[in-house]
Amino acid sequence: MTSDETEYVEYLEGERRRFAWVMRHYGGKSAKEAEAAALDAYPYEAADNPYRGLVFHDEAWHWAMLQIHPGYYWIDHPELARPPEEYDALD
């Protein structure tokens, strides 16, 4: 594995972990359901995929919140506009 590939996989796993955390804590999913949702939201993309990693342009918090509260969650639920400290500490 090249360093670029290692970096991509580590970042992908981190976003999956954060997405699953949000789905458990805010979406009411079981650990197994949250992990499955994270894999669906963040599939592995081959290195030659021209749009590889495009999902990273927003953090996992945002993508998970859109699934839990479709639409403009940051307007309808302003308390969810920013992730809590627990989320930020997941690294």
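The values are calculated or read from the model by the stated rules, or taken from the named source; none is laboratory data. Owing to the predicted nature of the structure, the values given are computational and were not obtained by experimental measurement. Backbone-built Cβ (ideal geometry, glycine too); neighbour counts: all protein chains shown.
Scanning segment 40-54 for residues that are without any contact (Cβ under 8 Å) to a residue 40 or more places away in the chain, exposed (fewer than 13 other Cβ atoms within 10 Å of the Cβ) and either assigned to a helix (DSSP H, G or I) or of a type outside the set (Phe, Trp, Tyr) (or both) yields a total of 7. TYR11: aromatic (Phe, Trp, Tyr), part of a helix (DSSP H, G or I) and on the phi < 0 side of the Ramachandran plot, yes or no? Yes: the conditions hold for TYR11. Annotation: HIS57 fulfils all but one of (1) loosely packed, with under 13 Cβ neighbours inside 10 Å; (2) at pLDDT 95 or above; (3) within 12 Å of the chain's Cα centre (by Cα); the unmet one is (2).
For TYR87, are the conditions met, namely being surrounded by 11 or more Cβ atoms within 10 Å (Cβ to Cβ), assigned to a helix (DSSP H, G or I), in contact (Cβ under 8 Å) with a residue 12 or more places away in the chain and over 12 Å from the mean Cα position of the chain (by Cα)? In short, no.
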